[in-house]
Amino acid sequence: MEISGYVPHGPSSFSSFRAYLRALAQTPARLARRAGSVSTSYDEMSGVRARSGSDMQKTLRWFDLVGLGVGGMVGAGVFVTTGHASRLYAGPAIVISYAIAGLCALLSAFCYTEFAVDMPVAGGAFSYLRVTFGEFAAFLTGANLVMDYVMSNAAVSRGFTAYLGTAIGVPAAKWRFTLSALPDGFNQIDVVAVVVVLTITLIICYSTRESSVLNMVLTAVHIIFIMFMIILGFCTGDWKNFTEPADPAHPAGFFPNGVSGVFNGASMVYLSYIGYDAVSTMAEEVKNPVKDIPIGVSGSVLLVTVLYCLMAASMSMLLPYDLIDPEAPFPAAFRGKWESNLIGAGASFGILTSLLVAMLGQARYMCVLGRSSVVPAWFARVHPKTTTPVNASAFLGILTAAIALFTDLNVLLNLVSIGTLFVFYMVANAVIFRRYVVVGTTNPRPTLSFLCSFSLTSIIFSFIWQFMPPGKLRAFMLCVTAAIAISMLQIFHCMVPQVRKPEFWGVPLMPWLPSISIFLNIFLLGSLDRPSYVRFGVFSAVAVLVYVFYSVHASFDAEGSGSLSQKNGEIHKESAQEESNDPRLAV
């Protein structure tokens, strides 16, 4: 669909160095045209998807999605982050940390589900933001998501080495060797992690269906081990460990580091819920998206939250929090006993399923970034025989393996949580915006004003919580800020009508639940440490530079060739013909 006054340009911006210099000179105009350019559900499911060549085969049902969700989440959380979060922050209250993180994840899952049912494509959050806030916001989010997946997968693969060593009675230190020439945190070489990542890369390149079957088998075995660990903890543990540390000099009680420690712990373990996001990227390969996606996404989050809380309680009963091993908390509780080997084996299965699902998700994100021309279109290719995004899978698998080879687990965990929270925050904003705004028809200012004001109020609440000393003044300020936020939400609910009703599945209690998700994500963001924000700032700055010097010109070229549309507030509402041709409705 042509835009009045726009003439498609000639050669590619990257055809020669001179052409690229000419493109750079036009950067301001191209940014103005492309950065806020939005897509539509129809575009995402037809023209954009067609850029991959072959279609991904629709082979997944709701039980596959639940299996992928459970497999993707259980492993990273309990077996990698729980020890760190309990020992350093929450103590025995790690159980509550998981419940808070689970509530936050469930609310975010509702937002993801509404988009995924309406627009069953592989792009996940990238596609959802592209149809609401435009190309630049989508690219910034997609870049953070891919980085989060790569970093978390590298962290989890190194965790696999620790648990495999426990299972066979060989310490992880003997599996790794040190290069003194490298700085601390990057000098422990882990070859086992590399082998695992590359093996899984080959599997996901071969077939999605077979990957799902393998995941179901590994997850079933893993659940048996989980139930064994839960029963073992409750039967052999001691209730006094919920309140008494091993060293009397350490803080005692169920909340040894106070309520702030619980939320700091929740921020760290939130990494474990990144798995359901991977499930949403499988939407393009689901047989019946309307039925299967809501069950698969929300059901897996609920099931995993219950498992996490039970396992965290079991771990807290086994040992005082100050004796928990941050690297391998469960096996360390039975060091020298047969249970330790068995738990190590179970954890190894869990980490394999987590890696499998997350690497499926990261490849599909990269594939859709390629379809949208913000990264090279080479990443978008779907192999006609395997019907999988082989190029994206192979590239990200090799990158993950390279990071896992050198980088310490602690370094990686600090780099991941903030990006995950930011993405979930953006999707919650996007689902409200999409319900209340049709670009080109509805005035977006009331909705944007509400979203900005509510976010600002949530940030102020988080600052007061983090930096004001405890006392009556702090409690008063928190109550006032909360009252302002609730009043703002109620006024928006009463004054601004919804203009788009979900045809198949929608977030209930709109706009309350997505707004609570916005608040919780901001609150958890406020619990993270300074290095996390430095990482986020540096990586986001790099992403902006990539967008300015490459992505905006590549997408401008794609628009000129007719591969991408440009709807910047002038045209957005899908036509009746588009809706009648919606491929989702033919499922």
Search result, residues across segment 331-344 that are among the small types (G, A, S) and either in contact with a helix residue (DSSP H, G or I) (Cβ under 6 Å, 6 or more places away or on another chain) or at pLDDT 80 or above (or both): A333, S340, G344
Qualifying residue in segment 520-528 (condition: open to solvent by 40 Å² or more (accessible area, probe 1.4 Å) and either assigned to a loop (DSSP other than H, G, I, E, B) or more than 24 Å from V427 (Cβ to Cβ) (or both)): no
Criterion (surrounded by 24 or more Cβ atoms within 10 Å (Cβ to Cβ), over 16 Å from G124 (Cβ atoms) and modelled with pLDDT under 85) met by exactly one of A347, A358, A312, A377: A347
Single residue of segment 461-500 satisfying the filter (in contact (Cβ under 8 Å) with a residue 24 or more places away in the chain, open to solvent by 60 Å² or more (accessible area, probe 1.4 Å) and in a loop (DSSP other than H, G, I, E, B)) that is nearest to A430 (Cα to Cα): V499
Residue list for segment 217-256, filter: closer than 30 Å to V382 by Cα, of a type in the set (A, V, I, L, M, F, W, C) and crowded, with 18+ Cβ neighbours inside 10 Å: L218
Segment 441-460 - residue that is over 16 Å from V431 (Cα atoms) and among the β-branched types (V, I, T) and, of those, modelled with the lowest pLDDT: T441
A90 open to solvent by 10 Å² or more (accessible area, probe 1.4 Å) and among the aliphatic types (A, V, I, L, M): no
Selection status of G72, open to solvent by less than 30 Å² (accessible area, probe 1.4 Å), assigned to a helix (DSSP H, G or I) and modelled with pLDDT under 80: yes
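Identify all residues within segment 315-329 that are assigned to a helix (DSSP H, G or I) and either at pLDDT 85 or above or not charged (D, E, K, R) (or both); write none if there are none.
Going through segment 315-329, the residues assigned to a helix (DSSP H, G or I) turn out to be 315-318, 321-323, 329.
Selection gives M315, S316, M317, L318, Y321, L323, P329.
The values are calculated or read from the model by the stated rules, or taken from the named source; none is laboratory data. From a predicted model like this one, the values you see are computed outputs, not experimental measurements. Note that we place each Cβ from the backbone using ideal geometry, even for glycine, and neighbour counts take in every protein chain shown. Quick note on the areas: whole protein, heavy atoms, side chains included, nothing else; ligands and nucleic acids left out. Shrake-Rupley method; radii C 1.70, N 1.55, O 1.52, S 1.80 Å.
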